[in-house]
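Asks: I'd like to ask some things about the structure below.
Read the figures in this text as sums done on the coordinates, not as results from a lab. Only a predicted model underlies this, so the values are computations on that prediction, with no experimental measurement involved. Cβ: placed from backbone, ideal geometry, glycine included. Neighbour counts: every protein chain shown.
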Ligand SMILES: *[C@@H]1O[C@H](CO)[C@@H](O)[C@H](O)[C@H]1NC(C)=O
Ligand SMILES: *[C@@H]1O[C@H](CO)[C@@H](O)[C@H](O)[C@H]1NC(C)=O
Ligand SMILES: *[C@@H]1O[C@H](CO)[C@@H](O)[C@H](O)[C@H]1NC(C)=O
């Protein structure tokens, strides 16, 4: 992970500038987007804009493809024009979740309105695939630099990148090992694992504050305003040196990104969270407690499929955001929201809502889960044999995934049915359409979503080229006798190309290489949806 997150290397450090201009604070702009046609004012925070601009400048400093817009001046509105051609966004997404975007698919030279649109499609569909909520943002909004939307999207992308290392530490268990020291009365290790990245960072900060013998903090806003907490945390994680004030220690550690003294004093929670996350990524300074006897082998990390489900639901904007697939849906609230997205009516009067009282809270959650299963069986007509509310509530992986898959599948099919004026769509309809489209373009067909040829990605690439003739550069693809690496290479290109021509694909390259029929189905379905829009 050290190599991958080059962004967090110590050089990040030196960019800190007192760049905030005098007008800092909240800007109100008269929006021109759809939502604001009613006259709504959209506001954004100037200090956040400054911090994000500095972060992007540093992150892409050495990227030759961004020379035409970087470095941006944080005191101006440079940012909003710089994102207009999609390149910076694509690069930032790929930094946050490495390998999300295939370099070969970004249009870089002699941009036209059409190739810019492609870049923006690629950026938005890739952002969606990594779990950004992009439902109300379109390419137009980015092209026109609508400030609150640009900043909202950029913050989501940055945050996903900042939290990536926390996820890794989480999956490898190393984060918990030390934080066990911070377990509160009556908490189990499992409770610790249920914490969101924000909560984990708070625990981490408090871990160091406790080690320093200082009082704890409850949040990254008002509690850090006097900067004492930062001083003590920095002192704890810093390799010991001379006594210094915060700015020099922070400089030495290379952790001055995101906050200025002003931001600390104002207690901007977003920027302070980003600051702490960056500090954690570079100097976790966690040590293994000696007398802990825990079997870490029982901790299973998140599978690729689980991550795809999670990204899919987060991109639809479910509330709360799902950080942990099973824990965060144990009261089925997110499931109800997904039902609504597939037009299954939910009787919200029957739903228990948080905050749940301490006593009997699980009973309330279980009632919700029972109702969620009932809706699935009676209204959505899902196949939920042997699945009970309890399975969702307890987070039975296999059974919960069975429901989630049917939700995702229905969501995908609904899009096709809407495009096809309500005509029923099933796997066969999709394969037939794929076969017809491929045949008309003079390319080979597939027998279904398990067809072995899918491992090479050729059918997907051919279909993309059939939908948008001339889009695939066949000179970049290896067609025969592929090694595993070459298969993956084709698949990365295929997935990025699908997103670039406008298909909102959530599946990953590995899903094609391993021919995972469910995810393969979603790829073809999304391409079919894109193909149908052509006419
Ligand atoms: C995306 O990330 C991968 C891995 O870090 C890198 O090899 C690739 O060049 C990057 N692509 C873009 C478009 O930045
Ligand atoms: C932060 O925590 C303190 C108590 O430590 C509390 O007084 C304050 O209201 C909290 N601020 C926010 C914004 O939640
Ligand atoms: C698609 O084409 C393949 C090969 O020609 C054929 O075996 C398959 O039955 C076709 N499937 C559909 C649904 O048309």
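Asks: Kindly rank 350-362, 52-64 from highest to lowest mean number of other beta carbons found within 10 Å of each residue. Walk me through the intermediate numbers first.
Replies: On the way: 350-362: 11.2, 52-64: 19.4.
Packing proxy ranking, top to bottom: 52-64, 350-362.
Asks: For all pairs of alpha-carbon atoms in the range 315-428, what percent lies in each bin of width 10 Å, listed from the first bin to the last filled one?
Replies: Pairs per bin, as whole percents: 14, 46, 30, 9, 2.
Asks: With r defined as the distance between the Cβ atoms of residue 168 and residue 364 and R0 fixed at 45 Å, what FRET efficiency is calculated, to the nearest 0.05? Working shown, then result.
Replies: Values: r = 34 Å, r/R0 = 0.75.
Computed FRET efficiency for residue 168 and residue 364: 0.85.
Asks: Inverting the mean 1/r over all pairs of different Cα atoms, compute the Kirkwood radius of the range 432-522 and quote it in Å.
Replies: Averaging 1/r across every pair of different Cα atoms and inverting gives 12.9 Å.
Asks: Additional query: Under the 0.36 nm per residue contour assumption, what length would be gained going from the current alpha-carbon distance of residue 65 and residue 352 to full extension?
Replies: Extra length available between residue 65 and residue 352 comes to 98.2 nm.
Asks: Also: Give me the one-decimal Kirkwood hydrodynamic radius in Å for the range 88-210, with the sum taken over alpha-carbon pairs.
Replies: Hydrodynamic radius (Kirkwood, Cα pairs) of the range 88-210 is 16.6 Å.
Asks: Still on this structure, please answer the following. Which of 309, 280 comes first, and how do the rest follow, when ranked by fewest Cβ neighbours within 10 Å?
Replies: Values: 309 22, 280 27.
In increasing order of surrounding Cβ atoms, one gets 309, 280.
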